Amino acid sequence: MSDLRIAVIGAGQRVSIAREAHRPGRGARITAVCDLDPARLAHARTLFGDDVRTTTRLEEALDADAVIVATPDHLHAEHAIAVLGAGLPTFVEKPLATTVEDADRVLEAARAHAARLYVGHNMRHMPVVREMRSLIGRGAIGEVTAVWCRHFVGHGGDYYFKDWHADRRCTTGLLLQKGAHDLDVIHWLAGSRTGLVTAMGALGVYDRVEDRSPGLDEHWFDPGRNWPPLSQRGLNPVIDVEDLSMVLMRLDNGVQASYQQCHYTPDYWRNYTVIGTEGRLENFGDHRGTGVVRVWNKRRRDYDADGDLVVTVPAVPEAEGGHGGADRALMTEFLRFAREGGSTDTSPVAARDAVAAAYHATLSLRSGSTPRAVPPVRPEVAAYFAT
């Protein structure tokens with residue numbers, strides 16, 4: 001089997017996902033990298049070899065069998081549509097886009113050109129998420145009625161307030177940029193999309209940090225130096241996204257859900273609680289240590305830390321792929337999809353639905369928590385991706 005020739009559009013922080021696709025002699029290799037930054041192109045040559053073709057022009061990167069789009073979020077739609085227009089299998093890093101309109105344009109482009117579209121929602125491949133979904137599928141808690149997610153973003157000041165992520169022109173907001181992961185997981189565990197949202201949120205910490213400077217210095221990520229949050233240095237000159245947000249959702253199948261995100265907690269992990277008609281489950285830890293999912297099925301008067309069933313999810317060494325091995329599993333699925341087609345655990349329509357829920361939740365929190373209906377994808381588009 002010859003290697004698929006993979007081109008990469010955007011060689012910034014998420015070039016790490018492209019590294020998972022570079023498997024010379026094992027089915028795929030990175031053959032071209034496109035970016036506007038000469039330093040990033042030079043770094044790409046150290047990652048993928050001196051024979052990798054580097055360019056600043058997108059069209060020069062399209063002599064490939066498949067393409068990975070990993071540019072900043074607000075450019076995803078523009079670049080994905082260009083690649084799909086060439087008929088190439090396309091991996092788009094999540095979120096699919098920063099507006100519902102742009103997300104729908106990407107889906108329409110894939111449909112119009114019969115091109116394979118894959119969106120990088122790697123959490124569907126995280127072992128702890130897959131274990132929770134498996135337990136639900138086996139009826140461990142009966143019929144799902146509610147999903148709650150708390151997202152503690154302990155390194156939020158480092159990862160999201162020192163560059164373009166802090167500027168809503170590039171992200172819409174972190175409820176979309178960061179939260180699209182969790183909203184997609186909520187939909188996946190509950191088996192439905194969000195139809196109604198209301199939200200509230202605030203920018204209350206990082207806007208008080210006065211040290212602003214463009215570009216990241218050598219101390220951009222230093223947990224000791226950059227704690228507590230108000231001691232952060234070198235934040236982005238423009239900061240107009242919320243560092244705290246909370247969303248209430250009603251899904252189309254009647255499940256009610258909530259999502260909370262905070263970017264200045266001391267710890268960094270996600271906690272999901274899923275409640276059903278016959279019990280509830282909850283994860284403790286996600287991917288940077290040994291995760292545990294606990295299930296409670298029997299009535300009790302007080303809190304029982306162990307529950308009635310404890311499922312240990314072994315940690316995956318980072319050497320076996322980022323995000324608890326999810327990045328590698330995600331890319332393995334994409335490479336098979338690019339070559340053969342077929343079904344995948346990720347879904348372009350679900351990725352669009354995560355964007356839509358986050359986008360309308362962001363509009364809600366910025367307009368006095370006004371409830372907002374979340375429009376579904378057009379039926380003919382949904383039908384195309386269902387086949």
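Could you tell me which residue of the stretch 208-228 is farthest from the chain's Cα centre (by Cα), considering only residues that are of a type in the set (D, E, K, R), modelled with pLDDT of 90 or more and open to solvent by 90 Å² or more (accessible area, probe 1.4 Å)? Walk me through how you get there before you give the answer.
Here is the first cut: in the stretch 208-228, the residues of a type in the set (D, E, K, R) are 208, 210-212, 217-218, 222, 225.
Narrowing the set further to residues that are modelled with pLDDT of 90 or more leaves 208, 210-212.
Add one more test, that the residue is open to solvent by 90 Å² or more (accessible area, probe 1.4 Å), and what stays is 208, 210.
Working: ARG208: 28, GLU210: 30 Å.
Here the answer is GLU210.
In this structure, does ARG169 turn out to be farther than 24 Å from SER192 by Cα, open to solvent by 10 Å² or more (accessible area, probe 1.4 Å) and either at pLDDT below 95 or not in a strand (DSSP E or B) (or both)? Give the steps one after another, and end with the answer.
Numbers: farther than 24 Å from SER192 by Cα: yes; open to solvent by 10 Å² or more (accessible area, probe 1.4 Å): yes; either at pLDDT below 95 or not in a strand (DSSP E or B) (or both): yes.
When the stated conditions are applied, ARG169 passes them.
Would it be correct to say that ASP158 is in a helix (DSSP H, G or I) and in contact with a strand residue (DSSP E or B) (Cβ under 9 Å, 6 or more places away or on another chain)? Before you say what the answer is, go through the steps one by one.
Values: in a helix (DSSP H, G or I): yes; in contact with a strand residue (DSSP E or B) (Cβ under 9 Å, 6 or more places away or on another chain): no.
Judged against the criteria, ASP158 is not a match.
I need the full set of residues from the stretch 143-156 which are out of contact with any Phe, Trp or Tyr (no Cβ under 6 Å at 6 or more places or on another chain), open to solvent by 20 Å² or more (accessible area, probe 1.4 Å) and not hydrophobic (A, V, I, L, M, F, W, C), in order please.
GLU143, THR145, ARG150
For (1) farther than 16 Å from SER258 by Cβ; (2) touching a helix residue (DSSP H, G or I) at 6+ places or on another chain (Cβ under 6 Å), each residue gets a yes or a no:
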{"residue": "MET126", "(1), (2)": "yes, yes"}
{"residue": "ALA140", "(1), (2)": "yes, no"}
{"residue": "HIS151", "(1), (2)": "no, yes"}
{"residue": "ARG169", "(1), (2)": "yes, no"}
{"residue": "VAL185", "(1), (2)": "no, yes"}
{"residue": "SER192", "(1), (2)": "no, no"}
{"residue": "THR198", "(1), (2)": "no, yes"}
{"residue": "HIS219", "(1), (2)": "yes, no"}
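Can you tell which of PRO375, PRO371, PRO314 is closer than 28 Å to ALA70 by Cα, in contact (Cβ under 8 Å) with a residue 12 or more places away in the chain and of a type outside the set (D, E, K, R)? Write out each step before concluding.
Numbers: PRO371 fails: closer than 28 Å to ALA70 by Cα; PRO314 fails: closer than 28 Å to ALA70 by Cα.
Only one candidate qualifies: PRO375.
In the stretch 125-142, which residue that is outside any helix (DSSP H, G or I) and not basic (Lys, Arg) is surrounded by the fewest Cβ atoms within 10 Å (Cβ to Cβ)? Quick ask: steps written out before the conclusion?
Filtering the stretch 125-142 down to residues outside any helix (DSSP H, G or I) leaves 126, 138-142.
Subsequent filtering for residues that are not basic (Lys, Arg) retains 126, 139-142.
Details: MET126: 26, GLY139: 11, ALA140: 21, ILE141: 21, GLY142: 14.
In this case the residue turns out to be GLY139.
Output the number of residues of the stretch 244-294 satisfying the condition of being outside any strand (DSSP E or B) and crowded, with 19+ Cβ neighbours inside 10 Å. Reasoning before the result, please.
Pass one, the stretch 244-294, residues outside any strand (DSSP E or B): 252-255, 263-268, 277-278, 285-290.
Checking which are crowded, with 19+ Cβ neighbours inside 10 Å leaves us with 255, 263-264, 286-287.
Counting residues in the stretch 244-294 that are outside any strand (DSSP E or B) and crowded, with 19+ Cβ neighbours inside 10 Å gives 5.
With respect to ARG300, determine if the residue is open to solvent by 20 Å² or more (accessible area, probe 1.4 Å), at pLDDT 95 or above and under 25 Å from ARG138 (Cα atoms). I'd like the intermediate steps shown before the answer.
Values: open to solvent by 20 Å² or more (accessible area, probe 1.4 Å): yes; at pLDDT 95 or above: no; under 25 Å from ARG138 (Cα atoms): yes.
Here the answer is no, as ARG300 does not meet what is asked.
Determine which member of the set ARG53, ARG19, ARG5, ARG45 is under 17 Å from ASP327 (Cα atoms) and basic (Lys, Arg).
Details: ARG53 fails: under 17 Å from ASP327 (Cα atoms); ARG5 fails: under 17 Å from ASP327 (Cα atoms); ARG45 fails: under 17 Å from ASP327 (Cα atoms).
Exactly one of ARG53, ARG19, ARG5, ARG45 is under 17 Å from ASP327 (Cα atoms) and basic (Lys, Arg), namely ARG19.
Got a number for residues in the stretch 172-200 being outside any strand (DSSP E or B), of a type in the set (Val, Ile, Thr) and at negative phi?
In the first step, residues of the stretch 172-200 are kept if they are outside any strand (DSSP E or B); the result is 172-193.
With the extra rule that they be of a type in the set (Val, Ile, Thr), the set shrinks to 172, 185-186.
Checking which are at negative phi leaves us with 185-186.
The qualifying residues number 2.
When only residues in the stretch 72-87 that are in contact with a His (Cβ under 9 Å, 6 or more places away or on another chain) and in contact (Cβ under 8 Å) with a residue 60 or more places away in the chain count, which is surrounded by the most Cβ atoms within 10 Å (Cβ to Cβ)? Outline the logic, then answer.
Keep residues of the stretch 72-87 that are in contact with a His (Cβ under 9 Å, 6 or more places away or on another chain), which gives 72-73, 84-87.
After this cut, where a residue has to be in contact (Cβ under 8 Å) with a residue 60 or more places away in the chain as well, the list is 72-73.
Working: PRO72: 20, ASP73: 22.
Only one residue tops the list, namely ASP73.
So is ALA32 without any contact (Cβ under 8 Å) to a residue 60 or more places away in the chain, assigned to a loop (DSSP other than H, G, I, E, B), open to solvent by less than 40 Å² (accessible area, probe 1.4 Å) and in contact with a Lys or Arg (Cβ under 8 Å, 6 or more places away or on another chain) or not?
For ALA32, the condition - without any contact (Cβ under 8 Å) to a residue 60 or more places away in the chain, assigned to a loop (DSSP other than H, G, I, E, B), open to solvent by less than 40 Å² (accessible area, probe 1.4 Å) and in contact with a Lys or Arg (Cβ under 8 Å, 6 or more places away or on another chain) - is not met.
Here is a yes/no grid of residues against (1) within 23 Å of ALA110 (Cβ to Cβ); (2) in contact (Cβ under 8 Å) with a residue 24 or more places away in the chain; (3) open to solvent by 20 Å² or more (accessible area, probe 1.4 Å); (4) assigned to a helix (DSSP H, G or I):
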position	(1), (2), (3), (4)
GLY324	no, yes, no, no
MET331	yes, yes, no, yes
THR344	yes, yes, yes, no
VAL349	yes, yes, yes, yes
ALA356	yes, yes, no, yes
TYR359	yes, yes, yes, yes
LEU363	no, no, yes, yes
SER367	no, no, yes, no
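The values are calculated or read from the model by the stated rules, or taken from the named source; none is laboratory data. As the structure is a prediction and not an experimental result, all values here were calculated from the model. Positions of Cβ are generated from backbone atoms using ideal geometry, with glycine treated the same way; all protein chains shown enter the neighbour counts. Side chains are part of the model used for accessible areas, which takes the heavy atoms of the whole protein and leaves out ligands, DNA and RNA. Shrake-Rupley method; radii C 1.70, N 1.55, O 1.52, S 1.80 Å.
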